[in-house]
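Worksheet: one structure, shown below.
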Amino acid sequence: MTRARQGAAACMLVVCAAALGGCATSGDGVDTRQAAEANASLGADYLRRNENDQAVARFRRALDYDSDNASAVWGMAIVKDRLDEPEAARSYYERAVDLRPNAPVYNSYAAFLCRQGDVERALEYFDRAADDPRYAGAPDARANAGLCLERAGRGEAAERYYRDALEGDAEQVTALVHMARLMYDRGEYLSARGFIERADAAADLEAEQLRLAARIELALGDRGAAADYVGRYNASRPAANLSLRQLEQSRR
(Lines give C-alpha, C1' and ligand atoms only; values in the text may rest on other atoms or scores of the structure.)
Protein backbone atom coordinates (compact mmCIF):
# COMPACT_ATOMS: atom_id res chain seq x y z
CA MET A 1 0.00 0.00 0.00
CA THR A 2 1.61 3.27 -1.07
CA ARG A 3 1.10 6.69 0.49
CA ALA A 4 -0.61 7.73 -2.76
CA ARG A 5 -3.08 4.87 -2.27
CA GLN A 6 -3.75 5.92 1.31
CA GLY A 7 -4.40 9.46 0.31
CA ALA A 8 -6.70 8.32 -2.48
CA ALA A 9 -8.76 6.64 0.32
CA ALA A 10 -9.27 10.11 1.80
CA CYS A 11 -9.76 12.32 -1.55
CA MET A 12 -11.82 10.01 -3.78
CA LEU A 13 -12.07 12.22 -6.94
CA VAL A 14 -11.92 10.18 -10.11
CA VAL A 15 -12.95 12.18 -13.17
CA CYS A 16 -13.67 10.06 -16.22
CA ALA A 17 -14.71 11.28 -19.64
CA ALA A 18 -18.36 10.55 -20.24
CA ALA A 19 -19.30 8.58 -23.32
CA LEU A 20 -20.87 10.91 -25.84
CA GLY A 21 -24.18 9.69 -27.12
CA GLY A 22 -24.26 12.10 -30.01
CA CYS A 23 -22.96 15.52 -30.92
CA ALA A 24 -24.69 18.47 -29.25
CA THR A 25 -23.63 21.87 -30.57
CA SER A 26 -24.34 25.46 -29.61
CA GLY A 27 -25.44 28.13 -32.04
CA ASP A 28 -21.82 29.05 -32.76
CA GLY A 29 -20.93 25.47 -33.67
CA VAL A 30 -19.23 24.53 -30.38
CA ASP A 31 -19.61 20.87 -29.40
CA THR A 32 -21.08 21.58 -25.98
CA ARG A 33 -20.55 18.10 -24.54
CA GLN A 34 -16.90 18.03 -25.48
CA ALA A 35 -16.48 21.58 -24.17
CA ALA A 36 -18.12 20.56 -20.89
CA GLU A 37 -15.81 17.56 -20.52
CA ALA A 38 -12.73 19.63 -21.30
CA ASN A 39 -13.64 22.20 -18.66
CA ALA A 40 -14.56 19.51 -16.12
CA SER A 41 -11.17 17.87 -16.68
CA LEU A 42 -9.39 21.19 -16.11
CA GLY A 43 -11.49 21.72 -12.99
CA ALA A 44 -10.41 18.32 -11.69
CA ASP A 45 -6.76 19.22 -12.28
CA TYR A 46 -7.20 22.43 -10.26
CA LEU A 47 -9.01 20.47 -7.54
CA ARG A 48 -6.13 18.01 -7.22
CA ARG A 49 -3.79 20.98 -6.77
CA ASN A 50 -6.10 22.52 -4.12
CA GLU A 51 -6.72 25.55 -6.33
CA ASN A 52 -10.36 25.68 -5.36
CA ASP A 53 -11.41 29.00 -6.89
CA GLN A 54 -10.04 28.02 -10.29
CA ALA A 55 -11.72 24.63 -9.96
CA VAL A 56 -15.08 26.25 -9.27
CA ALA A 57 -14.71 28.51 -12.30
CA ARG A 58 -13.98 25.58 -14.62
CA PHE A 59 -16.73 23.38 -13.21
CA ARG A 60 -19.24 26.22 -13.59
CA ARG A 61 -18.15 26.77 -17.16
CA ALA A 62 -18.58 23.05 -17.81
CA LEU A 63 -22.09 23.19 -16.39
CA ASP A 64 -22.87 26.22 -18.58
CA TYR A 65 -22.14 24.00 -21.56
CA ASP A 66 -23.91 20.93 -20.15
CA SER A 67 -25.87 21.18 -16.90
CA ASP A 68 -25.90 17.38 -16.61
CA ASN A 69 -22.16 16.87 -16.88
CA ALA A 70 -21.59 14.36 -14.08
CA SER A 71 -17.87 15.07 -13.68
CA ALA A 72 -18.50 18.77 -13.13
CA VAL A 73 -21.39 18.16 -10.73
CA TRP A 74 -19.30 15.75 -8.68
CA GLY A 75 -16.35 18.14 -8.72
CA MET A 76 -18.58 20.97 -7.49
CA ALA A 77 -19.77 18.74 -4.65
CA ILE A 78 -16.20 18.09 -3.54
CA VAL A 79 -15.05 21.70 -3.80
CA LYS A 80 -18.12 23.05 -1.99
CA ASP A 81 -17.41 20.60 0.82
CA ARG A 82 -13.82 21.86 0.95
CA LEU A 83 -15.05 25.44 1.10
CA ASP A 84 -17.31 24.58 4.06
CA GLU A 85 -20.55 25.08 2.16
CA PRO A 86 -22.31 21.87 3.25
CA GLU A 87 -25.77 22.63 1.91
CA ALA A 88 -24.43 23.39 -1.55
CA ALA A 89 -22.19 20.34 -1.36
CA ARG A 90 -25.11 18.11 -0.39
CA SER A 91 -27.18 19.40 -3.30
CA TYR A 92 -24.40 18.73 -5.79
CA TYR A 93 -23.71 15.29 -4.29
CA GLU A 94 -27.36 14.31 -4.63
CA ARG A 95 -27.28 15.32 -8.29
CA ALA A 96 -24.01 13.46 -8.81
CA VAL A 97 -25.51 10.28 -7.37
CA ASP A 98 -28.43 10.61 -9.78
CA LEU A 99 -26.23 11.34 -12.78
CA ARG A 100 -23.43 8.87 -12.06
CA PRO A 101 -24.65 6.16 -9.65
CA ASN A 102 -21.38 4.30 -9.23
CA ALA A 103 -19.08 3.19 -6.42
CA PRO A 104 -16.56 6.07 -6.43
CA VAL A 105 -19.37 8.64 -6.20
CA TYR A 106 -21.07 6.62 -3.44
CA ASN A 107 -17.83 6.45 -1.45
CA SER A 108 -17.22 10.17 -1.85
CA TYR A 109 -20.79 11.06 -0.87
CA ALA A 110 -20.65 8.71 2.12
CA ALA A 111 -17.49 10.40 3.41
CA PHE A 112 -19.26 13.76 3.15
CA LEU A 113 -22.32 12.43 4.99
CA CYS A 114 -20.13 11.06 7.76
CA ARG A 115 -18.46 14.44 8.25
CA GLN A 116 -21.94 15.94 8.53
CA GLY A 117 -22.86 13.48 11.28
CA ASP A 118 -25.34 11.50 9.17
CA VAL A 119 -23.74 8.17 10.06
CA GLU A 120 -26.53 5.78 9.09
CA ARG A 121 -26.98 7.27 5.64
CA ALA A 122 -23.20 7.35 5.22
CA LEU A 123 -23.04 3.62 5.97
CA GLU A 124 -25.71 2.97 3.35
CA TYR A 125 -23.56 4.57 0.66
CA PHE A 126 -20.28 3.07 1.92
CA ASP A 127 -21.97 -0.34 1.69
CA ARG A 128 -23.21 0.37 -1.83
CA ALA A 129 -19.65 1.22 -2.88
CA ALA A 130 -18.08 -1.76 -1.12
CA ASP A 131 -20.63 -4.22 -2.49
CA ASP A 132 -19.81 -3.39 -6.12
CA PRO A 133 -17.66 -6.34 -7.27
CA ARG A 134 -16.08 -4.18 -10.01
CA TYR A 135 -14.86 -1.53 -7.57
CA ALA A 136 -11.16 -1.86 -6.79
CA GLY A 137 -11.57 0.60 -3.92
CA ALA A 138 -14.00 -1.61 -2.00
CA PRO A 139 -11.55 -2.19 0.90
CA ASP A 140 -11.06 1.56 1.15
CA ALA A 141 -14.82 2.08 1.35
CA ARG A 142 -15.05 -0.48 4.16
CA ALA A 143 -12.16 1.18 6.01
CA ASN A 144 -13.86 4.56 5.59
CA ALA A 145 -17.05 3.12 7.04
CA GLY A 146 -15.08 1.81 10.00
CA LEU A 147 -13.52 5.21 10.56
CA CYS A 148 -16.95 6.84 10.42
CA LEU A 149 -18.28 4.44 13.05
CA GLU A 150 -15.21 4.77 15.28
CA ARG A 151 -15.56 8.55 15.29
CA ALA A 152 -19.19 8.09 16.28
CA GLY A 153 -18.10 6.03 19.30
CA ARG A 154 -19.13 2.68 17.83
CA GLY A 155 -15.86 0.80 18.11
CA GLU A 156 -17.20 -2.75 17.86
CA ALA A 157 -19.08 -2.01 14.64
CA ALA A 158 -16.00 -0.19 13.33
CA GLU A 159 -13.85 -3.25 13.99
CA ARG A 160 -16.07 -5.41 11.78
CA TYR A 161 -15.61 -3.01 8.88
CA TYR A 162 -11.86 -2.79 9.44
CA ARG A 163 -11.56 -6.57 9.43
CA ASP A 164 -13.67 -6.79 6.27
CA ALA A 165 -11.40 -4.18 4.66
CA LEU A 166 -8.33 -6.25 5.53
CA GLU A 167 -9.87 -9.36 4.03
CA GLY A 168 -10.04 -7.48 0.74
CA ASP A 169 -6.65 -5.79 1.09
CA ALA A 170 -4.26 -7.00 3.79
CA GLU A 171 -2.27 -3.76 3.43
CA GLN A 172 -5.16 -1.32 3.87
CA VAL A 173 -3.35 1.19 6.06
CA THR A 174 -6.36 2.99 7.56
CA ALA A 175 -7.79 -0.32 8.76
CA LEU A 176 -4.42 -1.52 10.10
CA VAL A 177 -3.70 1.67 12.05
CA HIS A 178 -7.16 1.89 13.53
CA MET A 179 -7.19 -1.77 14.47
CA ALA A 180 -3.92 -1.08 16.30
CA ARG A 181 -5.59 1.80 18.12
CA LEU A 182 -8.63 -0.28 19.07
CA MET A 183 -6.45 -3.13 20.34
CA TYR A 184 -4.25 -0.71 22.32
CA ASP A 185 -7.28 0.87 23.96
CA ARG A 186 -8.48 -2.60 24.99
CA GLY A 187 -5.13 -3.52 26.46
CA GLU A 188 -4.48 -6.15 23.77
CA TYR A 189 -0.96 -4.92 23.19
CA LEU A 190 0.45 -7.86 21.24
CA SER A 191 -2.40 -7.62 18.74
CA ALA A 192 -1.89 -3.86 18.57
CA ARG A 193 1.81 -4.41 17.80
CA GLY A 194 0.94 -6.82 15.01
CA PHE A 195 -1.38 -4.34 13.32
CA ILE A 196 0.94 -1.33 13.63
CA GLU A 197 3.91 -3.34 12.32
CA ARG A 198 1.86 -4.39 9.30
CA ALA A 199 0.91 -0.77 8.71
CA ASP A 200 4.56 0.28 9.01
CA ALA A 201 5.53 -2.34 6.43
CA ALA A 202 2.80 -1.16 4.05
CA ALA A 203 3.42 2.59 4.19
CA ASP A 204 5.44 5.31 5.90
CA LEU A 205 3.70 5.92 9.22
CA GLU A 206 2.57 9.47 9.93
CA ALA A 207 3.70 11.27 13.08
CA GLU A 208 0.74 10.38 15.28
CA GLN A 209 0.88 6.79 14.08
CA LEU A 210 4.53 6.63 15.12
CA ARG A 211 3.53 7.99 18.51
CA LEU A 212 0.92 5.25 18.83
CA ALA A 213 3.51 2.64 17.87
CA ALA A 214 5.84 3.94 20.59
CA ARG A 215 3.04 3.76 23.15
CA ILE A 216 2.34 0.17 22.17
CA GLU A 217 5.99 -0.79 22.64
CA LEU A 218 6.12 0.95 26.02
CA ALA A 219 3.05 -1.00 27.08
CA LEU A 220 4.86 -4.20 26.09
CA GLY A 221 7.98 -3.15 27.96
CA ASP A 222 10.21 -2.81 24.90
CA ARG A 223 11.83 0.56 25.52
CA GLY A 224 14.32 0.06 22.69
CA ALA A 225 11.62 -0.34 20.08
CA ALA A 226 9.68 2.54 21.64
CA ALA A 227 12.79 4.75 21.41
CA ASP A 228 13.16 3.89 17.73
CA TYR A 229 9.60 5.03 17.03
CA VAL A 230 10.11 8.20 19.11
CA GLY A 231 13.24 8.94 17.07
CA ARG A 232 11.26 8.60 13.85
CA TYR A 233 8.48 10.77 15.30
CA ASN A 234 10.95 13.55 16.12
CA ALA A 235 12.55 13.24 12.68
CA SER A 236 9.14 13.67 11.03
CA ARG A 237 8.51 16.86 13.00
CA PRO A 238 11.61 19.07 13.02
CA ALA A 239 10.33 21.14 15.95
CA ALA A 240 9.47 18.07 18.04
CA ASN A 241 11.62 16.89 20.92
CA LEU A 242 9.56 14.04 22.36
CA SER A 243 11.24 11.78 24.90
CA LEU A 244 10.27 8.38 26.26
CA ARG A 245 9.77 9.96 29.67
CA GLN A 246 7.32 12.50 28.25
CA LEU A 247 5.47 9.75 26.44
CA GLU A 248 5.23 7.67 29.63
CA GLN A 249 3.98 10.63 31.61
CA SER A 250 1.37 11.47 28.99
CA ARG A 251 -0.14 8.01 29.44
CA ARG A 252 -1.04 8.73 33.05
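The values are calculated or read from the model by the stated rules, or taken from the named source; none is laboratory data. The structure displayed is predicted, hence computed values, not measured ones. Using ideal geometry, Cβ is built from the backbone for each residue, glycine included, and neighbour counts are taken over all protein chains shown. Just so you know, the surface numbers come from the protein's heavy atoms only, side chains and all, with ligands and any DNA or RNA stripped out. Shrake-Rupley method; radii C 1.70, N 1.55, O 1.52, S 1.80 Å.
Taking the criterion of being open to solvent by 60 Å² or more (accessible area, probe 1.4 Å) and basic (Lys, Arg), would at least one residue in region 207-220 satisfy it? Among the residues of region 207-220, not one is open to solvent by 60 Å² or more (accessible area, probe 1.4 Å) and basic (Lys, Arg), which makes the answer no.
Of the set (1) out of contact with any Asp or Glu (no Cβ under 8 Å at 6 or more places or on another chain); (2) charged (D, E, K, R); (3) open to solvent by 50 Å² or more (accessible area, probe 1.4 Å), all apply to residue 193 but (1). For region 59-77, which positions are assigned to a helix (DSSP H, G or I) and open to solvent by less than 10 Å² (accessible area, probe 1.4 Å)? Once the filter is applied, which keeps residues that are assigned to a helix (DSSP H, G or I) and open to solvent by less than 10 Å² (accessible area, probe 1.4 Å), region 59-77 yields 59, 62, 71, 72, 73, 74, 75, 76, 77.
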